[in-house]
1. Quick one: which of B:253, B:243 is more than 30 Å from residue B:51 (Cα to Cα) and either in the same structural domain as residue B:31 (by TED's automatic domain parsing) or surrounded by 21 or more Cβ atoms within 10 Å (Cβ to Cβ) (or both)?
2. All but one of (1) free of Cβ contacts under 8 Å to residues at least 40 places away in the same chain; (2) in contact with a Ser or Thr (Cβ under 8 Å, 6 or more places away or on another chain); (3) not aliphatic (A, V, I, L, M) hold for residue A:390; state the number of the condition that does not hold.
3. For residue A:234, are the conditions met, namely being crowded, with 16+ Cβ neighbours inside 10 Å, at positive phi and within 14 Å of chain B (Cβ to nearest Cβ)?
4. With A:162, A:169 as the choices, which residue is more than 16 Å from the ligand (Cβ to nearest atom), over 28 Å from residue A:389 (Cβ atoms), away from chain B (no Cβ under 14 Å) and not in a strand (DSSP E or B)?
5. If I ask for residues that are open to solvent by 60 Å² or more (accessible area, probe 1.4 Å) and either free of Cβ contacts under 8 Å to residues at least 12 places away in the same chain or closer than 25 Å to residue B:181 by Cα (or both), which ones from the stretch B:104-123 would you list?
6. Considering (1) closer than 26 Å to residue A:217 by Cβ; (2) within 14 Å of another protein chain (Cβ to nearest Cβ), say which one residue A:130 fails and leave the rest.
7. Please go through (1) outside any strand (DSSP E or B); (2) within 14 Å of chain A (Cβ to nearest Cβ) for residue B:258 and return the number of the only condition it doesn't satisfy.
8. Tell me, which strands (runs of 3 or more DSSP E) wholly within the stretch A:313-377 include 1 or more residues that are within 13 Å of chain B (Cβ to nearest Cβ)?
Amino acid sequence: MPVETPKLHVVAVGSVDDGKSTLIGRLLYETGHLRGDEIEAVEEASRKRGRKGIDLALLTDGLRAEREQGITIDVAYRSFDANGRRILLGDAPGHVQYTRNMVTAAAGADAAILLVDAKNGTTAQTRRHLAICGMLGVRDVIACVNKIDLVDYDEARFIEIADELVASAAQIDGPRITAIPLSALNGVNLTEHSPETPWYDGPTVLEVLHDLDPPVIETAFRMPVQWVIRHDEGTHDIRGLAGRIDSGAVTVGDEIVALPSGATSRIARIDVLGDERESASAPLSVTLHLEDDIDVSRGDVIALAAEPPLVATRIRATVAWLDEQPLTIPARLEARQSTRTVPVIVEELHERLELDTMEHVPTDVLEANDLGVVSILAAQPLVLETYADNRALGSLMLIDPATNRSVAAVMVSNVLAG
Amino acid sequence: MTMLTEMTTLDVLEAEAVHVIRECAAECERPVLLFSGGKDSIVLAHLAIKAFAPAGLPFPLMHVDTGHNFPEVIEYRDRFATDVDERLIVAKVQDSIDQGRVQDETGLHASRNRLQTTTLLDAIAEHRFDACFGGARRDEERSRAKERFFSHRDAFGQWDPRNQRPEPWTIYNTKLRNGEHFRVFPLSNWTEIDIWSYIEREGLELPSIYFAHEREVFLRAGMLLAAVEEIERLPHEKVFTETVRFRTVGDMTCTGSIASTAATVAAVIEETRNSDVSERGASRADDKTSEAAMEDRKRNGYF
Ligand SMILES: Nc1nc2c(ncn2[C@@H]2O[C@H](COP(=O)(O)OP(=O)(O)O)[C@@H](O)[C@H]2O)c(=O)[nH]1
């Protein structure tokens, strides 16, 4: 079994002005992650903007354009330590037109902090964010019903919103929801339980972060080859297969298969960045040495021979369309998948996910920020799994070779024959 | 035997950095590693060497030398390149000045920090580099927090923060047009403490100025600047001797030291943990000019 990874990726999402930046700033502040001069800088910036007291939202709103408009445009990352684990916190933008940045921030996230304004309740944007979290396989959503101070810490209002959230998540077979009545501004239920909400006996935001399950790392061993290290050691040539273990663990002596070629061999030596080991697991970067001199190069995937992934050219997948230029069929693009880049054709566009109602509707175009279901044909075989089985081998990025823009994030739902 | 060693945060950060370094080496044609002799670039170079060992680095190191660097750092830089037996390119700001590409600043706050940008972009063009590894971390500064691992720069070396390429999962779009390049930041998710802990774990040697030593300094804007001829002083800026160390090692003219008796890596870690001032706050004189100073310089191709 792979060991626990001491690192979690959490994304914070919400509509503009729901208080996300305030929450993150305050969380870092209350957990002692801000230095005196950083606090001073935020105080200074607050004064310049005519704010009373310190506006902790200004801590993460880093870019000038954002400060001018007072909104979060791009994803900002902050690291902090909680309960002996490193948490990488991505602050994702709220505006509908930046949904693509939210997709980027939430891809690979283990949990999400979702903000809802207690006055406004859940909105179409809230459901959209929940749907994206569900689609990307985010397991846990910490749903913060924020600005609870503005509804006089009303329990009934909190329960109403919490019920709506749970119902929305159930509709899409979505993530686990923990709802918390919160005032990011006043620090209510953020790191400490508050007398303002005596009726609430659930966890604080920090407590949920402390108790999050470790990241799911699938157990089947897979390592995409990034680079072949060649070195002449006098008597013999060394050939090391360098890459990062995407999932599972590998041990010296294991029988492996190199895909797509299908050549097999055994693990002779495992080098973990200069440290020779009997075995190694995800997500370590390693150099593997095989017993036989089989033909392996960048783009190939090394897997346990007993449980190999699939090799195919045709997939059905969910796409998050990121580009201003809409998707129409057929689209000739390039796919980055694992360590491979291949030409692809998006052959069919089956449906669009209507995020507000969670309905699948037929369509022949996907606009920026739309989610849809497509069929893709690759020019060369890809080593694949479904996204549900293996996030690393089940995810792709589409690039438009005409513009070099990253146009879509893709999650494989079915690997098709032929 | 299937015993797995327990993993630490450093193990995961190390694996992530090596993954990014290998991706860049494989996908870009002419990468270069920006090596200043500072602790972040030392960690970066160490990781790069590990990533390709026992073979050598598939790219050279490059230092943009302002000519106002601490001699201890320059000495370290040259020794490091010799010890690891890797190619070191030195791009000199003085050459850019001599060629009339830039004008040396004069006066009290004269610094070559801003001039570096031209020298760097010229060197990138001359050597046709398409990727520059840098040791920047997201925890350094607010606008850094938005950086991607592969940060795209147009043919003018400019960064467009509003139009960054999405990086879902660990998939990077490494496509470039002629003249464009990437700044690649494998240490994005490391913190200052992580860097020091890694230096301790790996037993890395650093330039001596990172540790407590006696130095002639003077006080300006709350910072202890080195009393050297490259920095003009006002009459009231009196020189005195103090036991100091540097938290970053940039250009002498704009890098402040802190009073400290921390003489070992362990002592520095202890002191950093308890410090109430961020690394940038303690060291960078030129950043205080404007709240958005960093972002502006980055848009124009600064590193
Ligand atoms: N009353 C109240 N105001 C809040 C609370 N949290 C945030 N705000 C305010 O709501 C506004 C938007 O907050 P901000 O954090 O910038 O929202 P973001 O756009 O989601 O990042 C700011 O004026 C905050 O001071 C809260 O819990 N209660």
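The values are calculated or read from the model by the stated rules, or taken from the named source; none is laboratory data. The model shown is predicted, which means the values in this text are computed figures rather than measured ones. Reconstructed Cβ throughout: ideal geometry from the backbone, glycine too, with neighbour counts over all protein chains shown. Only protein heavy atoms, including side chains, enter the accessible area calculation; ligands, DNA and RNA are left aside. Shrake-Rupley method; radii C 1.70, N 1.55, O 1.52, S 1.80 Å.
1. Working: B:243 fails: either in the same structural domain as residue B:31 (by TED's automatic domain parsing) or surrounded by 21 or more Cβ atoms within 10 Å (Cβ to Cβ) (or both).
Answer to the selection: B:253.
2. (1)
3. Values: crowded, with 16+ Cβ neighbours inside 10 Å: no; at positive phi: yes; within 14 Å of chain B (Cβ to nearest Cβ): yes.
No; evaluated as a whole, the condition is false for this residue.
4. Numbers: A:169 fails: over 28 Å from residue A:389 (Cβ atoms).
Only one candidate qualifies: A:162.
5. Residues of the stretch B:104-123 that are open to solvent by 60 Å² or more (accessible area, probe 1.4 Å), as a first pass: B:104, B:106, B:109, B:114.
Once the filter is applied, which keeps residues that are open to solvent by 60 Å² or more (accessible area, probe 1.4 Å) and either free of Cβ contacts under 8 Å to residues at least 12 places away in the same chain or closer than 25 Å to residue B:181 by Cα (or both), the stretch B:104-123 yields B:104, B:106, B:114.
6. (2)
7. Unmet for residue B:258, out of (1) outside any strand (DSSP E or B); (2) within 14 Å of chain A (Cβ to nearest Cβ): (1).
8. Qualifying strands (runs of 3 or more DSSP E): A:331-337, A:340-354.
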